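The values are calculated or read from the model by the stated rules, or taken from the named source; none is laboratory data. Treat the numbers as computed from the prediction; the structure is a model and nothing was measured. Every residue, glycine as well, gets a Cβ built from its backbone with ideal geometry; the counts of neighbours run over all protein chains shown.
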Amino acid sequence: MAASHGIVRNPAQLLFITAVVLLIALSAWWYVFLVQAVETEHDLLRDKATLSHQLAKRSGHPGVVALDVDAALSSIEKRRERRRFMILGEGILLSGLLFAVVLMLYRLFRSERRFRNEIELFLRRVTHEMKTPIAGIKAVLQTIQMGRMPADQLVDLAGRALAEAEREELLIQNLLLAQRIRQPDAQLKAEPIDLAALVRRLVVGRQQLSSQVEWSVDADDGSRVVGDAGALRTIVDNVLDNAAKYGGGAVQIDVSARPATVVLTVEDNGIGFEDTATSSLFEPFVRQADSRAASRQGTGLGLSISRSLAAKMGGRIEASSPGVGRGATFTLTMPRDGADT
């Protein structure tokens, strides 16, 4: 009973089932109708030939008529077999087409349901992600407005507000880039960028806003890559943000220049993940599936967007971990600027 109610409440599922039933019923009716028509035609032709034979016998030429009747009956049987073979072939073809249509309808239904679930999940996460920083900034401003906050605590409050503003900015940047890279004609710039300087600048900003994570940076000078400055900043920001959320209290960052590439490695001592979860980390709306990560905030778009952006700029981003509770390493590889070689 519950299942039937669920079908009624879901118009897409009801439409899919109805379409499949109608297609199967139409195919069965078509096959039965044609087979019956062939058999009826066969019986009529046989009856006609038999009647002609009887009339000819009465006319006084039984031998000649018998030969004609035998030839007619043989022709009728051959015609019947050809028609049945044709119907069988058409039935097999129709069954194949019916199977393809049902498969397409099923995939369309699955895609529609998955898209609806992703949109609902996306709206829930984005709404929460946008509401929380705004609430934090509002609380800081209200506290300052009341004028009851000691001057020595204003710096800390301002830092918290800036941290929330940075979080909101990163979210909006991810959303805009997610829409941008979905366009078929989306183009990214190819310009020289000092990756080491970019990493240091972003880490300093995070250190000024929060002291909960200990950041260590070891970067080679001359680590210039070719890419889009805004896209590269988003990638690095997302990787650092992921380390801040799931990486424990210490994060080691290395930027090394190689003959043709520059490699950014972000290693943490956080919750880690199983090998089987590596590919899913870069899927949209997926977050690290660990009980300690359940309370972490995020939309699950950052790493997915980062992978797409890196690929569009000729680079790649990978993740590895020794296991749950043993930290994780994210590696970004980008083409090196030819001027540095």
Original post:
If you check Ala231 against the conditions, is it at pLDDT below 90, over 27 Å from Gly323 (Cα atoms), in the same structural domain as Gln207 (by TED's automatic domain parsing) and in contact with a Lys or Arg (Cβ under 9 Å, 6 or more places away or on another chain)?
Top reply: yes
Original post:
Any idea which of (1) farther than 21 Å from Gly205 by Cα; (2) modelled with pLDDT under 90 is the one Val226 doesn't satisfy?
Top reply: (2)
Original post:
Is at least one residue of region 312-331 among the acidic types (Asp, Glu) and crowded, with 20+ Cβ neighbours inside 10 Å?
Top reply: no
Subject >> Verdict on Arg316 being out of contact with any Phe, Trp or Tyr (no Cβ under 9 Å at 6 or more places or on another chain), under 13 Å from Leu264 (Cβ atoms) and of a type in the set (D, E, K, R) >> reply: yes
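Does Ser75 satisfy the criteria of being at pLDDT 75 or above and hydroxyl-bearing (Ser, Thr, Tyr)?
Taking the combined requirement at face value, the residue does not satisfy it.
Hey, can you tell me all the residues within region 175-199 that are modelled with pLDDT of 90 or more and surrounded by fewer than 16 Cβ atoms within 10 Å (Cβ to Cβ)?
Just the residues of region 175-199 that are modelled with pLDDT of 90 or more, to begin with: 191-199.
Listed by number, the residues that qualify are Glu191, Pro192, Ala197.
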